[in-house]
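Peer 1: The following block contains the structure, expressed as structure tokens.
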Amino acid sequence: MSATAGNTQASISFTAPASNGGSAISTYTATASPGGATGTCAGPAACAIAVTGLTTGTAYTFTVTATNAIGTSSASSASSAVTPQAPQTITFA
């Protein structure tokens, strides 16, 4: 799994699990730590998840869960930390 920071958001990319427990995955959810902000995308294939509402300058890690008709998986291992930054403004004199 990897996380890429943007302006007050992050994009989470991951590999779909090898096993779905016997039922197609309907939703993937990424959860930010700290704060618990979440983002989702539809399964069954892996997809990029956008987590918005993050605080610029704060380092976040993310975990991903998969949900199907049977229930919700345990959380993945955490991603490496990323820190959203405000857009850079360059002014020429």
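The values are calculated or read from the model by the stated rules, or taken from the named source; none is laboratory data. These numbers were taken from a predicted model, which means no experiment stands behind them. Cβ atoms come from the backbone with ideal geometry, glycine included; neighbour counts cover every protein chain shown. The area values use the complete protein model at the heavy-atom level, side chains included, leaving out ligands, DNA and RNA. Shrake-Rupley method; radii C 1.70, N 1.55, O 1.52, S 1.80 Å.
Peer 1: Calculate the spin-label point distance for Thr55 paired with Ser77, positioning each point 7 Å from the Cα along the beta-carbon direction, and give it in nanometres.
Peer 2: Roughly 2.8 nm, to one decimal.
Peer 1: Using the heavy atoms of the protein chains and a 1.4 angstrom probe, tell me the accessible area per residue for the chain in square angstrom. Don't skip to the end; give the middle numbers.
Peer 2: Working: 5300 Å² over 93 residues.
Here the per-residue accessible area is 57 Å².
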